[in-house]
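The values are calculated or read from the model by the stated rules, or taken from the named source; none is laboratory data. Being a predicted model, the structure only gives us computed values, none of them experimental. Backbone-built Cβ (ideal geometry, glycine too); neighbour counts: all protein chains shown.
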Amino acid sequence: MKKAGTSTKVIEELTNQEYRYGFVTDVDTDSVPPGLNEDVIRLISAKKNEPPFLLEWRLRAYRHWLTLREPKWAHVHYPPIDYQSIVYYSAPKAKKDGPRSLDEVDPEMLATFEKLGISLNEQKRLSGVAVDAVFDSVSVATTFKEKLGEIGVIFCSFSDAVVNHPELIEKYLGSVVPYTDNFFASLNSAVFTDGSFCFIPKGVRCPMELSTYFRINAANTGQFERTLIVAEAGSYVSYLEGCTAPMRDENQLHAAVVELITHDNAQIKYSTVQNWYPGDAQGRGGIFNFVTKRGKCLGVNSKISWSQVETGSAITWKYPSCILLGDNSIGEFYSVALTNNYQQADTGTKMIHIGKNTTSTIISKGISAGHGQNTYRGLVKMGKGAKNSRNYSQCDSLLLGDKCGAHTFPYVEVGNSSSRLEHEASTSKIGEDQLFYCRQRGLSQEDAVSMIVNGFCKEVFRQLPMEFAVEAQKLLGVSLEGSVG
Amino acid sequence: MTGSKKKPILEVRGLRARVGGKEILRGLDLTIQAGEVHAIMGPNGSGKSTLANVLAGHEGYEVTGGQVMYRGKDLLSVSTEERAREGIFLAFQYPVEIPGISTAYFLRASLNSILKHRGEEEIDPIDFLTLVKKKAKLVQMDQSLLNRPVNEGFSGGEKKRNEILQMMVLEPRLAILDETDSGLDIDALKIVASGVNAMRDPERAMIVVTHYQRLLTYIVPDRVHVLSHGRIVKSGGKELALELEEKGYAWTEIDSPAPAAPTSPDVPAS
Ligand SMILES: Nc1ncnc2c1ncn2[C@@H]1O[C@H](COP(=O)(O)OP(=O)(O)O)[C@@H](O)[C@H]1O
Ligand SMILES: [Mg+2]
């Protein structure tokens, strides 16, 4: 007969997760030698046929980065990163000048994405989701480009956008996250290689979900992608982002920047399922996910909504934020962050209220298992002119087992007396009582944990597009999967 | 034993169990035949919930001695969920909340795990809804509760009704009701009792744990047992409940026979 306290042990066993995307694709690559200096940046820029303004911008970013130190305020611990040992550009070797159409994409690439559940075959895709597939430093294919082009929607790799729409890039690049923003954003600005660009013209409701799937493959390579989404007045787009990487004992750096801009009455819904390799059960390997994501509600009545499910990465450092400039604009942040084994997450949001009658909602659900450390860090700032602005924040933590931790750092700055803020927070443990209740009703321990965790995340999952919600639920199940005692 | 003789659903012999380092059950015997309803009464802290939890397989309780046979097979080596799937149901004294999971979804998952175990086909959501709505009507449970998270924000009475509803949907072979009557007003009590009575079946046995006689005027038991200091100290027919009500539990303590196994110092040997 088992004794009290065994549920802790069972949870330990349960949280031994298995990573299903840990394979490596064997491809010839075109890469630059490890290390970072101005020549490497010039080389990256030249490889991409960039206009001079962009090279100049990169160099300014690099020179600024040299003056910065890596931030240490996050509640995460990791060995020092040697920025000179990282490879800053690695691309699968192109046959000619890179694929011009889907038919020309290397079958090995297609197979890799197929294996990850991402079909790049337009005919095979079930529903209305267009995909930009990014492999290490470059985009290998973008589907439905032509179809979207018919209604004026631009959806392409960042590199293509630089060549084909330089005026839009020049106008918007760095307008939300300047290259001086922070250490990792500066680094990204200097060396970013690819990512996605979306432009939704005035009044267009984008008829399909746009998505980018990021895959890190090469060893010792950093992935520095850049995504820019611009929604012109009265437009709407729902954008999805997914990511995976092979299992390796060494840590790999992923430092992305995402910028969103909404004009009057426009809306961007940005959803992420982040499943980078989290490292093994002993905490070896895994991705360092140091990301700057920010949206600017430039126009009146505009809305930016971030939803994220963060289950991967050894370390996550990420605060998708909203600058609410336009009057009556709305910012939302819905987050589930799961840390298991030795994973660490320091994530949250900043809601900067500048315009009048702006509102923001923050729902954060942190789940810690194993030795995982989960931190919510958030700032709500109500500017002087943000009359009648409102914020509602709710931060809940769920602990599985007794070796993990949950931390909450909510910061508030209020510059006017008509603003209203509400904050709720809770920390709970999956109770023996809850598990016993479920099991007494015939559910296995595994199903019981999964059910309780899914219930805990309900408010966030509700925000995800259907297809993604199902994937997210499965992912949480897998992340908590293991042998049940 | 002859073949015609009824096989008991539950046979408990000399059961001993500890929780939090303290021995609570100290040699408990109990035999229940199919078709019977047994009441277990006893003062607070006498070990009623401990017995219920041990039978349901709560891992926080350590069984230190004795034997439990369920339908002729050893029960103690079977996991909690297997016991549930084999037809043991516990209506909790303190039902647990599960935020974010609707009552209907939870109960369907539960029913399906049992059906699957029996090798039967799972019930689809539409058939399930028809079934659960029918049963909810019987316990006069507001249907809107079915869409709300399990027990979250339910009143005490709603939680107890939800337990009975689950029992009616899952149709267990052995139902253990742990103080399902406590905290209910008389109307709710009658509804719960009629639900239980509707579940009486020659193939099913029920253990009704209570410390008031009140419930037993509506659920008339075949046998009444008095639990004291971790043992059954008195058993009788339904009249025993009335006698207890009249004389109080102190009366059973005096009659309490000496424990068969080594005694703890706090129980005086007579
Ligand atoms: N988890 C526990 N840790 C320590 N003591 C417990 C625990 N659970 C129950 N007990 C004790 O066991 C005794 C019997 O409890 P219980 O079975 O709940 O009694 P009843 O249901 O008859 O009121 C009580 O003295 C109670 O305090
Ligand atoms: Mg009790």
**Report entry** Qualifying residues in the stretch B:112-147 (those that are of a type in the set (Gly, Ala, Ser) and touching a helix residue (DSSP H, G or I) at 6+ places or on another chain (Cβ under 8 Å)) - the one farthest from the other protein chains (Cβ to nearest Cβ)
**Finding:** B:Ala136
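Residues that are over 15 Å from the mean Cα position of the chain (by Cα) and either more than 16 Å from ligand 1 (Cβ to nearest atom) or closer than 12 Å to B:Ala39 by Cβ (or both): does the stretch B:172-182 have at least one? Please lay out each step first, then the result.
Going residue by residue through the stretch B:172-182, those that are over 15 Å from the mean Cα position of the chain (by Cα) are none.
No.
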Report task. Would you check if there is a residue in the stretch B:1-12 being polar (S, T, N, Q), within 16 Å of ligand 1 (Cβ to nearest atom) and out of contact with any Ser or Thr (no Cβ under 7 Å at 6 or more places or on another chain)? Result -> no
Requested in this report: Would you mind finding the one in B:Val196, B:Val226, B:Val208 that is buried (at least 21 other Cβ atoms within 10 Å of the Cβ), at pLDDT below 90 and of a type in the set (Val, Ile, Thr)?
Outcome: B:Val196
Query raised in the report: A:Arg69 is checked against (1) in a loop (DSSP other than H, G, I, E, B); (2) farther than 30 Å from A:His371 by Cβ; (3) at pLDDT 90 or above and fails just one. What number does that condition carry?
Result: (2)
Query raised in the report: Looking only at residues in the stretch B:129-161 that are touching a Leu at 6+ places or on another chain (Cβ under 7 Å) and outside any loop (DSSP other than H, G, I, E, B), which one is farthest from B:Glu179 (Cα to Cα)?
Result: B:Val132
Query raised in the report: Since B:Val208 meets every condition but one in (1) under 21 Å from B:Gln33 (Cβ atoms); (2) more than 16 Å from ligand 1 (Cβ to nearest atom), which condition does it not meet?
Result: (2)
Query raised in the report: closer than 20 Å to A:Gln344 by Cα and within 14 Å of another protein chain (Cβ to nearest Cβ), is that true of A:Lys403?
Result: no
Requested in this report: Being among the polar types (S, T, N, Q), in contact with a Gly (Cβ under 8 Å, 6 or more places away or on another chain) and on the phi < 0 side of the Ramachandran plot narrows it down to one of A:Asn341, A:Asn391, A:Asn374, so name that one.
Outcome: A:Asn374
Query raised in the report: Is one or more of the residues making up the stretch B:2-9 assigned to a strand (DSSP E or B), over 15 Å from the mean Cα position of the chain (by Cα) and more than 16 Å from ligand 2 (Cβ to nearest atom)?
Result: yes
Query - Members of the stretch A:455-469 that are more than 13 Å from A:Ser335 (Cα to Cα) and either buried (at least 19 other Cβ atoms within 10 Å of the Cβ) or modelled with pLDDT of 70 or more (or both) - result: A:Gly455, A:Pro465, A:Met466, A:Phe468
Query raised in the report: Which condition does B:Pro95 not pass, out of (1) within 30 Å of B:Gln143 (Cβ to Cβ); (2) more than 16 Å from ligand 1 (Cβ to nearest atom); (3) of a type outside the set (A, V, I, L, M), if it passes all the others?
Result: (2)
Requested in this report: Could you tell me whether any residue of the stretch B:51-72 is at the interface with chain A (Cβ under 9 Å from one of its Cβ atoms), away from ligand 1 (no atom under 16 Å from the Cβ), farther than 14 Å from B:Leu10 by Cα and aliphatic (A, V, I, L, M)?
Outcome: no
Query raised in the report: Residues B:Arg173, B:Arg200: which one is closer than 24 Å to B:Gly66 by Cβ and touching a residue at least 12 places away in the same chain (Cβ under 8 Å)?
Result: B:Arg173
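For the condition out of contact with any strand residue (DSSP E or B) (no Cβ under 9 Å at 6 or more places or on another chain) and surrounded by fewer than 17 Cβ atoms within 10 Å (Cβ to Cβ), what is the one hit in A:Ser426, A:Ser444, A:Ser417?
Exactly one residue qualifies, and that residue is A:Ser417.
Among B:Thr80, B:Thr103, which is farther than 20 Å from B:Met199 by Cα, facing chain A (nearest Cβ under 8 Å) and either of a type outside the set (Phe, Trp, Tyr) or in contact with a Gly (Cβ under 6 Å, 6 or more places away or on another chain) (or both)?
When all the criteria are applied, what remains is B:Thr80.
Residues of the stretch A:335-344 being more than 13 Å from A:Cys395 (Cβ to Cβ) and assigned to a strand (DSSP E or B), which ones?
A:Leu338, A:Thr339, A:Gln344
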Report task. Scan the stretch B:180-201 residue by residue and report those that are within 16 Å of ligand 2 (Cβ to nearest atom) and more than 26 Å from B:Ser113 (Cβ to Cβ). Result -> B:Asp181, B:Ser182, B:Gly183, B:Leu184
Report summary line: When the stretch B:202-231 is checked residue by residue, the ones that are more than 21 Å from B:Lys247 (Cβ to Cβ) and more than 15 Å from ligand 2 (Cβ to nearest atom) are B:Pro202, B:Glu203, B:Arg204, B:Ala205, B:Met206, B:Tyr218, B:Ile219, B:Asp222
